[in-house]
Amino acid sequence: MSKKRLFVKGNEAIALGALAAGCKCYFGYPITPQNDIPEFMSRELPKKGGAFVQAESEVAAANMLLGAVSAGIRAMTSSSSPGISLKQEAISYMAGSELPGVIVNMNRGGPGLGDIGPSQGDYFQATKGGGHGDYRLLVLGPGTVQEAYDLTIKAFDLAFKYKNPVMILGDAILGQMKEPITPWEPEVPEKEAKEWCLEGAKGRPPRVIKSLYLEDGALAKHNLKLAQKYAEMKKEILFEEFLTQDASLIVVAYGSIGRIVKSTIRTLRKQGHKVGLFRPITLYPFPSEALQVLAKEGKKFLTIEHNLGQMVEDVQLAVCPYAQTDFHGHLPGNLPTPNDFEEPIIKALEK
Amino acid sequence: MSKVVFLEELCKGCLLCTQVCSKKIITQSSRFNKQGYKVVEIKPEDLEKCIACGFCSLVCPDSAIVVYKSVEEKEPENV
Amino acid sequence: MTEKIMFPKPQVLANRPTHYCPGCHHGLAHKLVAQVLEELKLPEKTICVGSIGCSVFIYNYLLLDTIEAPHGRAPAVATGVKRARPDKFVFTYQGDGDLAAIGLAEIMHCANRGERVSVVFVNNTIYGMTGGQMAPTTLVGQKTTTCPGGRCKDREGEPFKMAEIIGSLGGTAYAARTALNDIKNIQKTKKAIKLAFRAQLEDKGFGFVEILSSCPTNWKMTPLQANERIAKEMIPYFPLGEFKNTLGE
Ligand SMILES: Cc1ncc(C[n+]2csc(CCOP(=O)(O)OP(=O)(O)O)c2C)c(N)n1
Ligand code: SF4
Ligand code: SF4
């Protein structure tokens, strides 16, 4: 266990977390603002006996991930929004084939080419499936660099536990922000995929990993099995509550925005405003029950996002019929500061 | 003496075997199998013409033909 | 005197009827792959990467650990498998729509990187599974359901010669084109598959065999006429032979 502190960017923390978690293969394609991840991996992964491949496209990178994890090893790909759109084909296949790929999205502005600045415009894509078909990813939304490290390690554990792709949804702020972290070395289970991985049919019947189900009723059965798995994932729900107990207004925000809002809350508290923060950490499964508990207590809600309203729909579903949530959307193209949120929070509080 | 066994239920009546047969003794029969395909056969009187080249077995996409060849014990394995 | 079976059915080939149309060369190509795998003693260490096309059910016929790749992506999936488990034998089995249209980038880069994987490429000049549409390998003048007047060179371009293209790439250790239209060519195909597999086993590089095959159903021909078409129309445009061989044989 190393107790050494490191001063690193969020992108590097994710790469370090992946190495600590025993990631053996990384497949990437350059795109800002996540290039530190493939650059770090190309340098460090081979030293640990792993394989780095710069793929010909994000389509190929995600399909390489599909192949690598089918062999039962821990592997990862990362990209940013336009590249994540291209990965959706393989992500859907991984969900359908029950494969534990880890995918990192350092969200940038969109739609289309958008910009290279921070945004939370991919919340829907990440949490509602993203590709074709009826499926979900486990989605983790780190708010700090340390959390980026910790949740990356967790992403691998969860992926193998549920045999499901896991997405780490960060953004350009988290990726570029430098903070001190305390790295730690988790215990990596050996042979965690022994029961299902492909390694040649020696002394046992052949294994087939596929998502095609043509026989009568087979796909329905498969979809039900997946749905059961998604229901079970609720055990993994994570969130942070900050000064919510006596608050009359709860601000709901995730990722970098959640962290910036936390600063705003601190300032407003000093001024005597009874405001608190609820920060979902698992974005799927979404911490609906915990929000509902707060709603039943009669609190007001304000959802703040770096987009024009996506997670707010999940918050609204969670708090109704006990409450409504207001919404404040920070536009892409600029970096929000804690000051930017003071006015909308006070407005919502006084409503 | 050689022996040719048709696994009739696997046959799809494609007739590829009839063409490669060195002695052209495989022909379409008038029988249908359970899959509904008209299967091939070698007439009993033609069987002795078979030289067990095995080409029909090699060409069959459905592995519906097994060709047995009588060999001297010491003859090297065919590859 | 004893009895010996000529060209015995490989064990790794399942004992069940295939879903392929009568005379379809996929069944024959599967059988040759199975024979080579057994002769090289590979089945127990093989991971097969299937593709999307008529051969999508390959795992029902070849009793191997198998992963289904999305349409065209088998070479990327195979790259992932092989990088994860360099000690395993990895091959893809792909049709011409899969490999030469939607999957062109993946096959080119996989070969160019010299991935230690092997590719069995079944070129039947048509999209079989979806009902006979034009493929990137459809011959000029050939009628399909999406070029009903025949492929037009000025409008749709000329068919891709994949074996030559792959053979020209640095990472390729072996690239050949063979056919399944007669016994001689079937035997040559088997040899080529073996060399493409050995390119991987001997760590020489990427191995590729393009197999000119029939799709009697969508060509609207009998299987015997289809064989004639391979000889008369396909081979003149798609010459048979090796386009790269660094195995020294
Ligand atoms: C992304 C995507 N696009 C299209 C299809 C539909 N599709 C299934 S098979 C196929 C073509 C297969 O043709 P080919 O690769 O030539 O193989 P064949 O069936 O002739 O053996 C297509 C286009 C698909 N499954 N996925
Ligand atoms: S080649 Fe096989 S399937 Fe075709 S007719 Fe002969 S035995 Fe039947
Ligand atoms: S459609 Fe063509 S390629 Fe597909 S099984 Fe039939 S003959 Fe074979």
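The values are calculated or read from the model by the stated rules, or taken from the named source; none is laboratory data. Computed from a prediction, not measured in an experiment: that's the story for all the values here. Here Cβ is always computed from backbone atoms with ideal geometry, including for glycine, and neighbour counts include all displayed protein chains. Accessible surface is based on the protein model in full, side chains and every heavy atom, while ligands, DNA and RNA are left aside. Shrake-Rupley method; radii C 1.70, N 1.55, O 1.52, S 1.80 Å.
Assorted remarks:
- Considering residues of segment C:3-21 that are open to solvent by 40 Å² or more (accessible area, probe 1.4 Å) and within 9 Å of chain B (Cβ to nearest Cβ) only, the residue nearest to ligand 3 (Cβ to nearest atom): C:CYS21
- When C:GLY207, C:GLY241, C:GLY150, C:GLY171 are checked against the criterion of being away from ligand 1 (no atom under 16 Å from the Cβ) and crowded, with 24+ Cβ neighbours inside 10 Å, a single residue qualifies: C:GLY207.
- Scanning segment C:69-102 for residues that are touching a Lys or Arg at 6+ places or on another chain (Cβ under 6 Å) and either of a type in the set (S, T, N, Q) or open to solvent by less than 10 Å² (accessible area, probe 1.4 Å) (or both) gives C:PHE89, C:VAL90.
- Residues that are open to solvent by less than 10 Å² (accessible area, probe 1.4 Å) and either in the same structural domain as A:GLY258 (by TED's automatic domain parsing) or assigned to a loop (DSSP other than H, G, I, E, B) (or both), drawn from segment A:148-166: A:ASN164, A:PRO165
- Filter pass, C:GLY114 being in a loop (DSSP other than H, G, I, E, B) and open to solvent by 10 Å² or more (accessible area, probe 1.4 Å): no
- Looking at segment A:1-106, the helices (runs of 4 or more DSSP H) lying wholly inside it that each contain 3 or more residues that are within 29 Å of A:PRO180 (Cβ to Cβ), open to solvent by 30 Å² or more (accessible area, probe 1.4 Å) and in the same structural domain as A:LEU158 (by TED's automatic domain parsing) sit at A:36-44.
- Among the candidates A:ILE257, A:ILE250, residue that is surrounded by 20 or more Cβ atoms within 10 Å (Cβ to Cβ), of a type outside the set (Gly, Ala, Ser) and part of a helix (DSSP H, G or I): A:ILE257
- Counted residues, segment B:1-18 - those being more than 9 Å from ligand 2 (Cβ to nearest atom) and buried (at least 17 other Cβ atoms within 10 Å of the Cβ): 2
- Consider segment C:117-128 and keep the residues that are polar (S, T, N, Q) and in a strand (DSSP E or B). The one that is farthest from ligand 2 (Cβ to nearest atom) is C:SER118.
- When A:MET1 is tested against (1) closer than 22 Å to A:LEU86 by Cα; (2) at pLDDT below 95, exactly one condition is not met: (1).
- Residue check, C:GLY95 touching a Gly at 6+ places or on another chain (Cβ under 6 Å) and away from ligand 3 (no atom under 12 Å from the Cβ): no
- Checking each residue of segment B:60-72 against the condition of being within 8 Å of another protein chain (Cβ to nearest Cβ), open to solvent by 80 Å² or more (accessible area, probe 1.4 Å) and more than 16 Å from ligand 1 (Cβ to nearest atom) gives at least one match.
- Each residue in segment A:61-76 was checked for being out of contact with any strand residue (DSSP E or B) (no Cβ under 8 Å at 6 or more places or on another chain) and within 7 Å of chain C (Cβ to nearest Cβ), and 1 of them qualify.
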